[in-house]
Amino acid sequence: MEYILIFIAAVFVNNIVLAQFLGICPFLGVSKKVDTALGMSAAVTFVLTIATIVTFLIQKYILDSFGLGFMQTISFILVIAALVQMVEIVLKKVSPSLYQALGVFLPLITTNCCILGVAILVIQKEYNLLETIVYSVSTAIGFALALIIFAGIREQLSMTKVPESMKGTPIALITAGLLAMAFMGFSGIV
């Protein structure tokens, strides 16, 4: 039951983008088309899950063992950067069109505060390895859900008549706010 609560809380109630405001850059930047949002979601899901597991193991078995807790942030950033480079190389070989579509946003996963934030939150919440895996996958699903819904709404908005002063960023921010308020409706679940 505990794992189900972690899942529901991470996906809906404490959504990493809409409730904790981590990962806003790719949320706003890659959300103009659903296809690009799907690709970014897959890349972030992979990197977030693997990075959180690796950083958890590094924290528990290296940093804590040798009293190097102060090295947490820099070591986590290095692990995340290495994983993003790996994803970039794989995407370039496997799906060049997706690699081109993501453009500058793929290297930005390295500095995506969502990934670093989840890696640090797992340590702060004192999760065990299984809880860490559930939380990281759930958070990635929540990020993907928010990003894909937002991209779908933005695609629809591009085909509607929006007042000139609201086009672009203003309507995107208003839409993001409304989406965040919609996700607040889940707060009574957990």
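The values are calculated or read from the model by the stated rules, or taken from the named source; none is laboratory data. None of the values given here were measured: they were computed from a predicted structure. Because the Cβ atoms are built from the backbone with ideal geometry, glycine has one as well, and the counts that use them run over all protein chains shown. The area values use the complete protein model at the heavy-atom level, side chains included, leaving out ligands, DNA and RNA. Shrake-Rupley method; radii C 1.70, N 1.55, O 1.52, S 1.80 Å.
Quick rundown of the values:
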quantity: Computed over the stretch 1-113, the ratio Rg/Rh where both radii use C-alpha atoms and Rh is Kirkwood; calculated: 1.01
quantity: Relative contact order (%) - criterion: Cα under 8 Å, at least six apart; region: the stretch 32-104; calculated: 41 percent
quantity: Volume in Å³ per residue [convex hull over Cα atoms, computed for the stretch 31-80]; calculated: 63 Å³
quantity: Gyration tensor over alpha-carbon atoms, the chain, equivalent ellipsoid semi-axes in Å; calculated: 30, 21, 13
quantity: Under DSSP loop assignment and at most 16 Cβ neighbours within 10 Å, longest chymotrypsin sites (Phe, Trp or Tyr not before Pro)-free interval of the chain; calculated: 67-190
quantity: Heavy atoms of Ile74: accessible area, 1.4 Å probe, square angstrom to 10; calculated: 90 Å²
quantity: GNM flexibility winner over the chain from Pro107, Pro26, Pro163 (Cα, springs under 10 Å); calculated: Pro163
quantity: Gyration tensor (Cα) of the stretch 115-163, equivalent ellipsoid semi-axes in angstrom; calculated: 35, 10, 5
quantity: Computed over the chain: relative contact order in percent, which uses C-alpha pairs under 8 Å that are six or more apart; calculated: 44 percent
quantity: Residue-normalised accessible area of the chain, given per residue in Å² at a 1.4 Å probe; calculated: 51 Å²
quantity: Kirkwood-Stokes translational diffusion coefficient of the stretch 77-167, alpha-carbon pairs, 20 °C, 1.002 mPa s, µm²/s; calculated: 137 µm²/s
quantity: Value of [θ]222 nm, deg cm²/dmol, for the chain, DSSP H segments ≥ 4, -39500 (n - 2.57) each, nearest 500; calculated: -22000 deg cm²/dmol
quantity: The chain - percent of accessible surface contributed by carbon and sulfur, probe 1.4 Å; calculated: 71 percent
